[in-house]
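Take a look at the structure below.
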Amino acid sequence: MEKKYLGPNKILDKKNEYLIPCSYHFYDKPPQLVRGEMQYLFDSEGKRYIDFFGGVSVMNCGHSNPDILDRVIAQMKELQHTTTIYLTEPIVRLAERLSVVTPGNLKRSFFCGTGSEANEGALLCAKLYTGKNQFLALNNGLHGRTHLAMSVTGIGMWRAMPDPVEDINFVPSAYCYRCKYKNNCGECGFECVLDVEKSIKNCTAGSISAMIAETIQGNGGIITPPKGYFKVLKEVLERYGILLIIDEVQTGFGRTGKMFAIEHYEVIPDIMTMAKALGNGAPIGAYITTDEIARVNTSPSASTLGGNPVSATAGIAVLDYIERNRLCEKAEHLGAKLRQGLLELKEKHKIIGEVRGLGLMLGVELVKGYMAPAIKETDAILEALKDKGILLGKNGVDRNVLAFQPPLVIGEEDIEVLIRELDGVLGGF
Ligand code: PMP
């Protein structure tokens with residue numbers, strides 16, 4: 001009888017033959033994942049995994065969440081796609097909802113298919129509004145794969161491109177654990193922001209339209225600025241007429257204990273971008289801005305699949321689910337438990353250099369000797385946890401940061417299992 005699944009080895013063979021080699025994967029011995037159920041994933045052998053990565057911060061409401069699926073499937077049966085040149089209802093309903101849940105006077109949305117496109121759109125919008133063409137971006141940031149989005153990305157491994165867009169100035173991010181000024185975190189007067197101002201004054205031609213920044217740098221290694229950082233940054237930018245574009249592609253939709261991570265910093269961005277968890281697996285991206293900034297963006301533009309009835313319905317269902325099930329509060333509460341567990345492990349295991357993040361977006365930077373990145377060890381820990389039925393993420397400029405971004409529907413007991421197993425695995429290092 002033919003087997004139901006190809007299995008990992010045959011998938012690897014076909015991947016090696018038919019996919020462009022840039023599509024890489026985790027693990028020496030990766031499993032074939034075949035099914036998801038809220039915070040759990042199952043492989044082709046029937047083994048269950050607790051998913052602590054959530055498809056890179058996408059599955060905030062859980063895998064195959066029945067409440068969301070029912071509404072998406074009903075929409076698929078009714079009307080799938082028309083493009084935005086015809087009138088449909090879900091896109092305007094979602095836009096109205098986003099205007100309510102996003103901070104301040106952010107109100108008008110443009111929908112597309114991915115986070116990269118959302119950032120491209122936001123950068124274009126900033127250029128149109130300001131009439132200026134330069135950008136500021138942060139070291140260790142990641143904003144996507146398209147030409148401009150990749151050009152504002154400050155991580156070598158994710159900007160494999162011979163000809164990045166010119167006119168982009170990179171400035172230091174608030175990576176306090178490796179503070180280049182050797183300051184104590186939060187007691188420093190934000191020297192990294194003073195450097196932004198120096199850069200604006202000395203290294204640019206005075207024609208900067210916007211600065212783009214993730215609230216927490218996900219791929220950079222869950223780099224989490226101290227309280228007050230964005231306020232000081234925004235003040236500097238405003239003095240020079242520069243817009244702030246906040247990329248909430250990884251941090252949005254309840255992940256950090258608030259609907260958007262920037263709310264922790266009490267700053268209202270001029271433009272905000274989102275994707276990933278907005279669709280909980282359905283492809284959708286968007287940028288949202290104010291009436292004033294949107295006013296200049298009038299040339300016809302359409303993203304074929306952007307805000308189509310199916311993905312917009314998924315977005316509305318996600319917002320409903322987050323609100324009804326109080327996922328923001330849940331992320332805050334469970335995040336505190338996970339953080340506490342990780343901090344206790346830090347006391348026991350020297351390899352843990354720092355535990356950081358907000359809510360259920362936490363990172364553990366692994367080091368050896370004097371803060372040298374523990375790169376091979378990170379891979380070995382990831383592999384060992386996978387064998388024990390736990391999937392974790394990995395990021396950081398040196399790929400030495402364990403990333404904890406589980407579905408927000410995870411249970412306390414899942415966290416207890418993770419801490420116990422991680423404790424056992426770390427004991428070997
Ligand atoms: N911004 C951030 C912060 C991201 O993490 C990513 C993807 N990891 C993107 C943008 C790009 O999103 P997409 O892959 O949907 O284009």
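The values are calculated or read from the model by the stated rules, or taken from the named source; none is laboratory data. Model, not experiment: these values are computed from the prediction. Here the Cβ is made from the backbone with ideal geometry for all residues, glycine too, and neighbour counts use every protein chain on show. Ligands, DNA and RNA are stripped out before the accessible areas are found, and what is left, the full protein with its side chains, is counted by its heavy atoms. Shrake-Rupley method; radii C 1.70, N 1.55, O 1.52, S 1.80 Å.
In the list ASP13, ASP43, ASP51, which residue meets the criterion of being open to solvent by 60 Å² or more (accessible area, probe 1.4 Å) and either touching a Phe, Trp or Tyr at 6+ places or on another chain (Cβ under 7 Å) or acidic (Asp, Glu) (or both)? Spell out the reasoning first.
Values: ASP43 fails: open to solvent by 60 Å² or more (accessible area, probe 1.4 Å); ASP51 fails: open to solvent by 60 Å² or more (accessible area, probe 1.4 Å).
ASP13 is the lone residue from the list that is open to solvent by 60 Å² or more (accessible area, probe 1.4 Å) and either touching a Phe, Trp or Tyr at 6+ places or on another chain (Cβ under 7 Å) or acidic (Asp, Glu) (or both).
Filtering region 178-203 down to residues that are modelled with pLDDT of 90 or more and farther than 16 Å from LEU233 by Cα, which residue is most open to solvent (accessible area, probe 1.4 Å)? I'd like the intermediate steps shown before the answer.
Residues of region 178-203 modelled with pLDDT of 90 or more: 178-179, 190-201.
Then keep just the ones that are farther than 16 Å from LEU233 by Cα; that gives 178-179.
Details: ARG178: 72, CYS179: 30 Å².
The extreme case among them is ARG178.
Just one of GLU413, GLU332, GLU344 is closer than 30 Å to THR102 by Cβ and open to solvent by 60 Å² or more (accessible area, probe 1.4 Å); which is it? Working first, answer last.
Working: GLU413 fails: closer than 30 Å to THR102 by Cβ; GLU344 fails: closer than 30 Å to THR102 by Cβ.
The match here is GLU332.
Filter region 266-280 down to residues that are surrounded by 24 or more Cβ atoms within 10 Å (Cβ to Cβ) and outside any strand (DSSP E or B) and give me whichever is farthest from the ligand (Cβ to nearest atom). Before the answer, list the steps.
Start the filter on region 266-280 by keeping residues that are surrounded by 24 or more Cβ atoms within 10 Å (Cβ to Cβ), which leaves 269-280.
The next check asks that each one be outside any strand (DSSP E or B); those that pass are 269-270, 275-280.
Details: PRO269: 14, ASP270: 17, ALA275: 5, LYS276: 6, ALA277: 11, LEU278: 10, GLY279: 10, ASN280: 13 Å.
So the residue we want is ASP270.
Among the residues of region 115-137, are any aliphatic (A, V, I, L, M) and more than 30 Å from HIS81 (Cβ to Cβ)? First the steps, then the outcome.
First, the residues of region 115-137 that are aliphatic (A, V, I, L, M): 118, 122-124, 126, 128, 136-137.
Within this subset, residues satisfying the condition of being more than 30 Å from HIS81 (Cβ to Cβ) are 136-137.
Yes, the conditions are met somewhere in region 115-137.
If you go through region 306-339 one residue at a time, how many are over 28 Å from LEU362 (Cα atoms) and touching a helix residue (DSSP H, G or I) at 6+ places or on another chain (Cβ under 7 Å)?
Selection size over region 306-339: 5.
Being assigned to a loop (DSSP other than H, G, I, E, B) and either among the β-branched types (Val, Ile, Thr) or closer than 18 Å to LYS276 by Cβ (or both) is the filter here, so list the residues in region 126-171 that pass it.
Initial filter on region 126-171 (assigned to a loop (DSSP other than H, G, I, E, B)): 131-133, 139-146, 152-155, 159-167.
The answer is GLY141, LEU142, HIS143, GLY144, ARG145, THR146, VAL152, THR153, ILE155, VAL165.
Please go through region 80-122 and pick out each residue that is part of a loop (DSSP other than H, G, I, E, B) and open to solvent by less than 70 Å² (accessible area, probe 1.4 Å).
First, pick out the residues of region 80-122 that are part of a loop (DSSP other than H, G, I, E, B): 80-88, 102-107, 113-114.
Residues satisfying the conditions are THR82, THR83, THR84, THR88, THR102, PRO103, GLY104, LEU106, GLY113, THR114.
Could you check, for region 59-75, whether at least one of its residues is touching a strand residue (DSSP E or B) at 6+ places or on another chain (Cβ under 7 Å) and of a type in the set (S, T, N, Q)?
yes
For region 204-252, how many residues are β-branched (Val, Ile, Thr), open to solvent by 10 Å² or more (accessible area, probe 1.4 Å) and within 16 Å of the ligand (Cβ to nearest atom)?
Filtering region 204-252 for residues β-branched (Val, Ile, Thr) gives 204, 208, 212, 215-216, 222-224, 232, 236, 242, 245-246, 249, 251.
Narrowing further to those that are open to solvent by 10 Å² or more (accessible area, probe 1.4 Å): 204, 224, 232, 249.
Next, from what is left, pick out any that are within 16 Å of the ligand (Cβ to nearest atom): 224, 249.
Of the residues in that region, 2 qualify.
Out of all the residues in region 283-304, which are of a type in the set (A, V, I, L, M, F, W, C) and either crowded, with 19+ Cβ neighbours inside 10 Å or not in a loop (DSSP other than H, G, I, E, B) (or both)? Full working, then the answer.
Just the residues of region 283-304 that are of a type in the set (A, V, I, L, M, F, W, C), to begin with: 284, 286, 288, 293-294, 296, 302.
Those that are of a type in the set (A, V, I, L, M, F, W, C) and either crowded, with 19+ Cβ neighbours inside 10 Å or not in a loop (DSSP other than H, G, I, E, B) (or both): ILE284, ALA286, ILE288, ILE293, ALA294.
List, please: which pairs have Cβ atoms under 7 Å, are six or more places apart or on different chains, and start with a residue in region 139-158 that is more than 16 Å from GLN217 (Cβ to Cβ) and end with one that is more than 10 Å from the ligand (Cβ to nearest atom)?
HIS147/VAL165; LEU148/LEU123; LEU148/VAL165; SER151/PRO164; SER151/VAL165; SER151/ILE168
Starting from residues that are under 18 Å from the mean Cα position of the chain (by Cα) and open to solvent by less than 20 Å² (accessible area, probe 1.4 Å), keep the ones in region 155-177 and report whichever is farthest from the ligand (Cβ to nearest atom).
Step one: filter region 155-177 for residues under 18 Å from the mean Cα position of the chain (by Cα), giving 155-159, 173-175.
If we keep only those that are open to solvent by less than 20 Å² (accessible area, probe 1.4 Å) too, we end up with 155, 173-174.
Working: ILE155: 10, SER173: 13, ALA174: 16 Å.
The extreme case among them is ALA174.
Give region 392-422 a look and list any residue that's more than 23 Å from LEU358 (Cβ to Cβ) and in contact with a helix residue (DSSP H, G or I) (Cβ under 7 Å, 6 or more places away or on another chain), or say none. Let's see the steps before the verdict.
So in region 392-422, the residues more than 23 Å from LEU358 (Cβ to Cβ) come out as 420-421.
Matches in region 392-422: GLU421 only.
Here's a check for you: in region 366-385, which residue that is part of a loop (DSSP other than H, G, I, E, B) and open to solvent by less than 70 Å² (accessible area, probe 1.4 Å) is nearest to ASP398 (Cα to Cα)?
We begin by selecting, within region 366-385, every residue part of a loop (DSSP other than H, G, I, E, B); these are 369-371, 374.
Adding the requirement that they be open to solvent by less than 70 Å² (accessible area, probe 1.4 Å) leaves 371, 374.
Details: MET371: 12, ALA374: 9 Å.
Restricting to residues being part of a loop (DSSP other than H, G, I, E, B) and open to solvent by less than 70 Å² (accessible area, probe 1.4 Å), the top hit is ALA374.
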